[in-house]
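Values quoted throughout were computed directly from the atomic coordinates according to the rules given, and no laboratory measurement underlies them. Remember, predicted model here, so these are calculated numbers, not experimental data. Here the Cβ positions follow ideal geometry from the backbone for every residue, glycine too, while neighbour counts run over all protein chains shown.
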């Protein structure tokens, strides 16, 4: 069974630029999560989708971050404009149903200069 | 809550010895706990979980112990191998299974040959 796929794996941008990350969850997984992991810390949940609907985006900085999962499968996370403090690894995870074990992708490492 | 920063707690053990990684959680209402392993450049990988109605659960070479009285969780790894070198995170959740996970800071486990 293929795992969670993410791209790109690395991205370097300058502050105030925009960037987008892509995630393809495990086939059949209805629930999709985006996390931000700052160096030396544990992952922090940004947003949770159930199919194509948002379940929880309480920790998403909505002035600059947006995410969508239009067809209930793939998802994109966008940052516009990026700030220096956005430098982190952005992890996507999926689970079969809400409350089931989350499986993580390899992450996208973002460096904002 | 956990302290933040670049300096993860570290644990060094000899290959073949048993490892014990500790985690203090913050929310007394948490009822689901999970351990993840994160190798360099990879996403977190599920190891084992436990619900609050249990105080011990065993997997292959791993055991999780839960002490709700002092809000303490531990992960024991038997006969530690070089492939066990990684950062280990505990995470907690309240009332929603593996949703709304709150991750701790993590502990870096290093195996000495």
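List of remarks:
- Among B:56, B:42, B:100, residue whose mean-square fluctuation peaks in a GNM of chain B (springs only between Cα atoms under 10 Å): B:42
- Extending 7 Å from Cα along the Cβ direction at residue A:101 and again at residue A:5 yields two label points whose distance is 2.3 nm.
- Sorted by Cβ neighbour density within 10 Å, fewest at the top, the residues B:72, A:29: B:72, A:29
- Taking chain B as a Gaussian network of alpha-carbon nodes connected by springs under 10 Å, the highest mean-square fluctuation of the residues B:74, B:40, B:19 belongs to B:40.
- For chain A, the relative contact order comes to 37 percent (Cα pairs under 8 Å, sequence separation of at least 6).
- Using R0 = 25 Å, the C-beta based FRET efficiency linking residue B:29 and residue A:12 works out to 0.05.
- Diagonalising the gyration tensor over the Cα atoms of chain B and scaling each eigenvalue by 5 before taking the square root yields semi-axes of 23, 16, 12 Å, largest first.
- Inter-label distance for residue A:55 and residue A:85, nm, one decimal - labels placed 7 Å from Cα along Cα-to-Cβ: 2.8 nm
- Placing dummy labels 7 Å off each Cα toward the beta-carbon, the span from residue B:46 to residue B:58 is 2.2 nm.
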